[in-house]
1. What is the dipole size for the chain, taken about its Cα centre, with +1 at each Lys and Arg Cβ and -1 at each Asp and Glu Cβ, in debye to the nearest 20?
2. So what's the net charge close to residue 294: Lys and Arg +1, Asp and Glu -1, counting the other residues with Cβ under 12 Å from its Cβ?
3. Let me understand region 59-122 better: what is its radius of gyration from the alpha carbons, and its Dmax, in angstrom?
4. GNM, the chain, Cα, under 10 Å: largest mean-square fluctuation among 107, 215, 264?
5. What residues qualify as long-range amide H neighbours of residue 177, i.e. H under 5 Å apart, gap of 5 or more or another chain, H built at 1.01 Å from N?
6. Report the label-to-label distance for residue 357 and residue 233 in nanometres (one decimal), using points 7 Å from each Cα along the Cα→Cβ vector.
7. What trypsin sites (Lys or Arg not before Pro) does region 295-349 have in DSSP loop regions with at most 10 other beta carbons within 10 Å?
8. Report the calculated FRET efficiency for residue 92 and residue 330 (r = Cβ-Cβ distance, R0 = 22 Å), to the nearest 0.05.
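Read the figures in this text as sums done on the coordinates, not as results from a lab. These numbers were taken from a predicted model, which means no experiment stands behind them. Positions of Cβ are backbone-derived with ideal geometry, glycine not excepted, and every protein chain shown enters the neighbour counts.
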Amino acid sequence: MINNINANNHKKEAIVIGAGIVGLTTACRLSEEGYSVTVVEQKSNPSEGTSKANAGQLIYNISAMSSPSFLRNLPKTLLSPSLTGVIATGLIHPNNWLWALSFMRQCTAKKWRKNTLELIKMAHSSRDALNEFRTRHEIEFNWRSDGKIYLHETEKDLAAAKLFAEFQRTNGGTHTVITKEECLEREDALIGTKRKIAGGTYLSDAAVGDCKLFCKNLADLLTVKFDGKIIYDVTAEKMLLKKGGVVGIETSLGTLEANLFIVCAGLVSNKLLPKDFVGKKSITGVKGISLTYPSGSHPPSLSVTDTAGKFVVARLGKQIRVAGYAIFSDNLSINQKYVALLASKAKSLMPNAALFDAKPEVWTGLRPQTPDDLPMIGKAGAENLFVNAGHGSNGWLLAFGSAEKLLEKINE
């Protein structure tokens, strides 16, 4: 049993639930602010869940998933899920009806714009906070800022991309629509592609980085430099509330006590929050799949997203990451049909980018998606209980901005 883990009686003691990118970023920033931090993680290593093998994208002008176009494309999505890469049939399950209804209410032009502008604001803040953190601490994660291309299949898609690029440029984006020939000039790994390309959108300020490697080094920073603790293989079960505050948390190994508690547990965060927490948002799982290959003879310099196939190919160090799919699901099972299709699409896009004949490392994770695409950040129904969760597919991108926003909330 673990009791009084912070028995050294520091003035500021914090327990963070979750050792993914959001939890570890939160823990390190709290440590920099003078807290004695303990992280509780149910897996055996940091970043073994949703943060383990994501696409690695750091794109600072993004868009909310809940949009009018999502609703317009829903029939096509339901009829041809394997081709579109979005598999929404899980929303038909009664357990997801309330989430689906809330999501559809966010799919208006007005709400999409509001949510997207808030995401962009958070992403820019996160970019600045990450850069500042890197000036304070040397941390390796295969970071590169060579830019990105979104490929568009048809002239109709390209026309829509021009409108979106204009919107993003007015809000700090670097989006530039380019021809097919310019796409091949900027990324010659596309030469020989079998995918249909009408043109693309180039983002000069986009970057990539290995989220898992970053988490590993954050965990080392926390435990070595900041003298924090990470307890692995332990499940957080219940917050112990008394007189409007949390006095401890029950875990599979006993009770932990601290002055401050922060829930960064992704999909299961709501299970730890009070039922009467008025700021609670519904969270559902959106499953992603990624394949990691050794680099081939012609790895890409840029990260490239095929918008028609809904997948991305990016180089992370000496490996090639292929990531795709948005599957509304509550389980981590992997349909090998989807793996084969994702591999086939990537090979047809960039035939020599990776050793596609090698057996890839296959990963799947459940992105914790809120209906409006905005995470819960702030006080969570008790005086010393806070939440930083529900980042969907943007946890890697928004982690540092979210940690800064959380610190502001704690210090109010």
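1. Charge dipole, the chain, about its Cα centre: 980 debye, nearest 20.
2. Local charge sum for residue 294: +2.
3. For region 59-122, the Cα-based Rg and Dmax read 12.9, 35 Å.
4. 107
5. The list, which skips near neighbours in sequence, is 202.
6. Here the modelled spin labels are 4.1 nm apart.
7. 318
8. It comes to 0.95.
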